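These notes are about the structure you will find just below.
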Amino acid sequence: MFVQLRIIKSILDLMKIKYIEEDNLEADDLIGTYCNFSREQNCSVYISSNDFDFMQLISHDVFVLRNFKKEQQVFTIEK
């Protein structure tokens, strides 16, 4: 997996897509932090993951996209 991360970071750099890494934090913690920050900035967040733990972050401006076979579902606070 670490070899893949190096390749992914190179691709993101070439595409000028910013990313963040923190040695002492898990991705879940960073994603949760960004969800809170998005509320302050009045913008929407779409989390693409099949991890059910992210369902607890859903709000009026945070959505979870889950892939099921060949289709994608969007989970909202109403759903």
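The values are calculated or read from the model by the stated rules, or taken from the named source; none is laboratory data. Computed from a predicted structure; not experimentally measured. Quick reminder, even Gly has a Cβ in these numbers, built from the backbone with ideal geometry, and neighbours come from all protein chains shown. For accessibility, only protein heavy atoms count, side chains too; no ligands or nucleic acids. Shrake-Rupley method; radii C 1.70, N 1.55, O 1.52, S 1.80 Å.
Under 8 Å by Cβ, and 6 or more places apart or on different chains, what pairs join a residue from region 19-39 that is closer than 15 Å to His60 by Cα with one that is among the polar types (S, T, N, Q) and loosely packed, with under 14 Cβ neighbours inside 10 Å?
Ser38/Ser44
Looking at region 6-24, which of its residues are over 21 Å from Tyr34 (Cα atoms) and open to solvent by less than 80 Å² (accessible area, probe 1.4 Å)?
Answer for region 6-24, where residues must be over 21 Å from Tyr34 (Cα atoms) and open to solvent by less than 80 Å² (accessible area, probe 1.4 Å): just Ser10.
Is one or more of the residues making up region 68-76 among the basic types (Lys, Arg) and within 13 Å of the chain's Cα centre (by Cα)?
The answer is no; no qualifying residue exists.
Tell me, yes or no, whether region 61-73 has at least one residue that is of a type in the set (D, E, K, R) and open to solvent by less than 90 Å² (accessible area, probe 1.4 Å).
Yes, that holds for at least one residue.
Go through region 28-52 and count every residue that is open to solvent by less than 100 Å² (accessible area, probe 1.4 Å) and part of a strand (DSSP E or B).
So the answer is 3.
Out of Leu25, Leu12, Leu65, report the one residue that is aliphatic (A, V, I, L, M) and in a helix (DSSP H, G or I).
Only one candidate passes the filter, namely Leu12.
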